[in-house]
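S.K.: Have a look at this one.
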Amino acid sequence: MSEVSLSVILEAILFTSGRSMSTAELAVIVEKSNAIVEAALSELQARIKRRQDSALQLTEVSGRWIFEVRPNLSEHLPDSFRPDTPQRLLPAAALIAYHQPMAQSQLVEMLGQRAYDHVRDLANLGLIDRRRDGLTRRLTTTRRFAEYFGCPEVEYRAVRTWFRAEAAKMGLTSAQLAASLAPDEQMTITEFSAEEGSTAEVSAQSEE
């Protein structure tokens, strides 16, 4: 039997895992260097782009790789086929969308220490991009985020405008909107004003 190429092996691993994986994580699994794995992933990504009528694309988000349905096919899929995002992550996702580009330290001010876990989980799902910015991380939404939440825009500034408009229609601040997305949890969220660069002395609390 002919030897299977590394890119094919990586394709199988990513497809069966059903989640995003970092280059370093994949390198450990296949026992290759990060550089070799990175090159194989780039080769795989290019090969998938050339495939005729492929339903999937390989996407790299914040150094993590994931298979996802091509954007032009999303509207043809039933809502029940969309991957579920845990309800506990929705407040953080909404706050990031509303205030982006948002410093992770600002999200921690609003949500407390749990924000670190939520950022990690949202990044693993491919919903946000987190990039080093000095001593913190700069958080923005991804194309996958826009598709998941039904936002007609993709570029993060346009997503921010859309999210703020939706909140305004409901008469909600960003903290109140975030709390409303987790009605089964009792939580207090400090309001943050990106324009003023400070936290206000108000809070939003979800009802039991």
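S.K.: Gain in length, residue 15 to residue 135, computed as 0.36 nm per residue apart minus the alpha-carbon separation, to one decimal in nm?
M.R.: 39.8 nm
S.K.: Choose one of 163, 127, 140: the residue whose Cα lies farthest towards the positive end of the charge dipole of region 113-163 (beta-carbon charges +1 Lys, Arg; -1 Asp, Glu; about the Cα centre).
M.R.: Selected residue: 140.
S.K.: Also, quick follow-up: Classify region 103-178 as rounded, prolate or oblate, taking a ≥ b ≥ c as the square roots of the eigenvalues of its Cα gyration tensor: rounded when a/c is under 1.5, otherwise prolate if a/b is larger than b/c and oblate if not.
M.R.: oblate
S.K.: Going by C-beta contacts inside 10 Å, put 32, 49 in order with the fewest on the left.
M.R.: Ranked by crowding around the Cβ, least crowded first: 49, 32.
None of the figures in this text is laboratory data; all of them are computed from the coordinates on show. Small disclaimer: the values here were computed from a predicted structure and weren't measured. As a convention, Cβ positions derive from the backbone with ideal geometry for all residues, glycine included, and neighbour counts pool all protein chains shown.
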